[in-house]
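Below is one structure, written out as structure tokens; the observations come after it.
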Amino acid sequence: MRTVHVVTHPESTHHVDRLVGGWFDAELTADGERAAVAIAESLRAKVPDGVEIHSSDLRRTARTAELIGERFGVTPVLDRRLREKSYGEAGGKPQEWLDRRFVPPPPTGERLGHDEGIPGAETKGAMAARLYAAMDSILESPREHQIIVTHGGALTFVVAAWIRMPLESAGYVDFRASPGSVTVLREDDYFHNRQVVTLAGK
């Protein structure tokens, strides 16, 4: 049986400063550090030795993964494909700057390739494709226990890839997660069905 714990990084400086995150390389706040330690200790109590840890390479996720890895004696594998969506020019700017310029996707039609009006920003389709590719790589490993540290927005496509939602159908999907959440995914050895056991739990 395979079990995957997906952690969304806890509070970061961009949260409290009301800045656009994305690829802006913010760090954990002091509260975020404490929350990451608590997550690490909770996972250590539940997950046996032999775990594999994968993480986005941005500082807020890499630090969370480092604190988790210390509890297991494991060095996380950093993968830029697990990053949050890139907001292009908006990254690191005040959230209200993005809000004034953002063009929401249409209710029907082309959503994955929709241009949100922000120069340099990723489309939803490009973000989904790289996260699907990251999950394909992670799940090639035969490890029974894995931990993935990523971002709140990225979690949607980690879960969509896990349940094998076709990429072309992912234009509407949205799995919400607050900072510092843990989603538990499990695949059984007999039917090879894939469960979402806990979505964005604590």
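Here is how the numbers come out for the structure above:
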read-out: Condition met for residue 43 (assigned to a helix (DSSP H, G or I), within 30 Å of residue 191 (Cβ to Cβ) and not basic (Lys, Arg)); value: yes
read-out: Counted residues, segment 158-170 - those being under 23 Å from residue 47 (Cβ atoms) and crowded, with 19+ Cβ neighbours inside 10 Å; value: 4
read-out: Pair list, Cβ under 9 Å, 6 or more apart: segment 120-148 residue within 18 Å of residue 23 (Cβ to Cβ) and open to solvent by 50 Å² or more (accessible area, probe 1.4 Å), other residue in a helix (DSSP H, G or I) and of a type in the set (A, V, I, L, M); value: 120/90
read-out: Flag for residue 96 being without any contact (Cβ under 8 Å) to a residue 60 or more places away in the chain and out of contact with any His (no Cβ under 9 Å at 6 or more places or on another chain); value: no
read-out: Residue check for residue 68: β-branched (Val, Ile, Thr), at pLDDT 95 or above and more than 18 Å from residue 141 (Cβ to Cβ); value: no
read-out: Failed item in (1) in a loop (DSSP other than H, G, I, E, B); (2) open to solvent by less than 60 Å² (accessible area, probe 1.4 Å), with residue 49 passing the rest; value: (2)
read-out: Residue in segment 82-113 that is nearest to residue 9 (Cα to Cα), counting only those that are of a type in the set (Gly, Ala, Ser), out of contact with any Leu (no Cβ under 9 Å at 6 or more places or on another chain) and part of a loop (DSSP other than H, G, I, E, B); value: 86
read-out: Any hit, segment 9-20, residues being open to solvent by less than 50 Å² (accessible area, probe 1.4 Å) and under 18 Å from residue 184 (Cα atoms); value: yes
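The values are calculated or read from the model by the stated rules, or taken from the named source; none is laboratory data. Since the structure is predicted, the reported quantities are computational estimates derived from the model, not experimental observations. Every residue, glycine among them, receives a Cβ derived from its backbone with ideal geometry; neighbour counts consider all protein chains shown. Just the protein is used for accessible areas: all its heavy atoms, side chains included, with ligands, DNA and RNA removed. Shrake-Rupley method; radii C 1.70, N 1.55, O 1.52, S 1.80 Å.
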